[in-house]
Amino acid sequence: MQPAFRIALPVLLTAGLSACASAPTPRPHTSATPTPTGPVRHAVANLAAASGTLVSGRLLLATESGGVRIRGDIGGLQPGSSHGFHIHEKGDCSAVDASTAGGHFNPDSKPHGRAGMGTHHSGDADNLVADAHGVAHVDAFLRGVDLGAGSHDILGRAIIVHAAPDDYSSQPSGNAGARVACGVIRLVP
């Protein structure tokens, strides 16, 4: 071996090994929204104003035995006011009035009613009541729905707050008025 080659070979080998060591490990392509492999335990819905209001909030959802617990705060409401609160069929809040969220989540094709009081949509929930500061403190349990599995899965659907209280009887949606806030239910990262 010639002297120049003896010096160049170790340098080339070192450079080549260094390049291999620093090369990024290829990763499989993943979509922006993870796909659950089983029942999801936790999700979140960040509610944004709709229909020209200032109503917004953050809700955390957790799987519990027999359903899903929803907790959080929604602000920007009139002090002491009551508001319809529902899961809607589509996870699309893109329209200014949140109409793109569709109707109430109703996989069993039942009439609208009050949750826990006979026949009702799976997405029906009790009205929210704002405190003296215009904040509704949410602690709701929706029986018979789940996060990430089955026909009663609410993951990827929308939560809507309405301008008026739900009367629990008018069809198809309780005469709760305009949609004042909308948020899509998403996996907690």
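The values are calculated or read from the model by the stated rules, or taken from the named source; none is laboratory data. Just so we're clear, the structure is a prediction, and the values are computed from it rather than from any experiment. Note: ideal-geometry Cβ built from the backbone for every residue, glycine included; neighbour counts use all protein chains shown.
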- Note on the structure: When the stretch 49-64 is checked residue by residue, the ones that are surrounded by 14 or more Cβ atoms within 10 Å (Cβ to Cβ) and of a type outside the set (V, I, T) are A49, A50, S51, S56, G57, R58, L59, L60, L61, A62
- Only residues that are hydroxyl-bearing (S, T, Y) and farther than 16 Å from I159 by Cβ: list them for the stretch 91-119, please. S109, T119
- Note on the structure: From the option list D108, D139, single residue qualifying as in a strand (DSSP E or B) and either hydroxyl-bearing (S, T, Y) or exposed (fewer than 14 other Cβ atoms within 10 Å of the Cβ) (or both) is D139
- Message: Please count how many residues of the stretch 116-136 are assigned to a loop (DSSP other than H, G, I, E, B), closer than 10 Å to F85 by Cβ and modelled with pLDDT under 80.
- Response: 1
- For the stretch 156-174, which residues satisfy the criterion of being more than 22 Å from S65 (Cβ to Cβ), crowded, with 16+ Cβ neighbours inside 10 Å and either without any contact (Cβ under 8 Å) to a residue 60 or more places away in the chain or β-branched (V, I, T) (or both)? I160, V161, Y168
- Checked against (1) under 10 Å from I160 (Cα atoms); (2) in contact with a Ser or Thr (Cβ under 8 Å, 6 or more places away or on another chain), F85 satisfies every condition except (2)
- Task: Consider only pairs whose beta carbons are under 6 Å apart and that are at least six residues apart or on different chains; among these, list those whose first residue lies in the stretch 51-79 and is closer than 15 Å to A130 by Cβ and at pLDDT 95 or above and whose second residue is surrounded by 14 or more Cβ atoms within 10 Å (Cβ to Cβ) and among the hydroxyl-bearing types (S, T, Y).
- Result: G76/S56
- Task: Evaluate the stretch 65-78: report whether one residue or more is in a loop (DSSP other than H, G, I, E, B) and under 18 Å from the mean Cα position of the chain (by Cα).
- Result: no
- Take the stretch 127-136 and flag every residue that is in contact with a strand residue (DSSP E or B) (Cβ under 9 Å, 6 or more places away or on another chain) and surrounded by fewer than 18 Cβ atoms within 10 Å (Cβ to Cβ). V129, D131, H133, G134, V135
- Task: Take D153 and decide whether it is free of Cβ contacts under 8 Å to residues at least 12 places away in the same chain, closer than 15 Å to I70 by Cα and touching a strand residue (DSSP E or B) at 6+ places or on another chain (Cβ under 7 Å).
- Result: yes
- Say we look at the stretch 142-166 and pick out the residues that are of a type in the set (D, E, K, R) and part of a loop (DSSP other than H, G, I, E, B); which of these is nearest to L187 (Cα to Cα)? R157
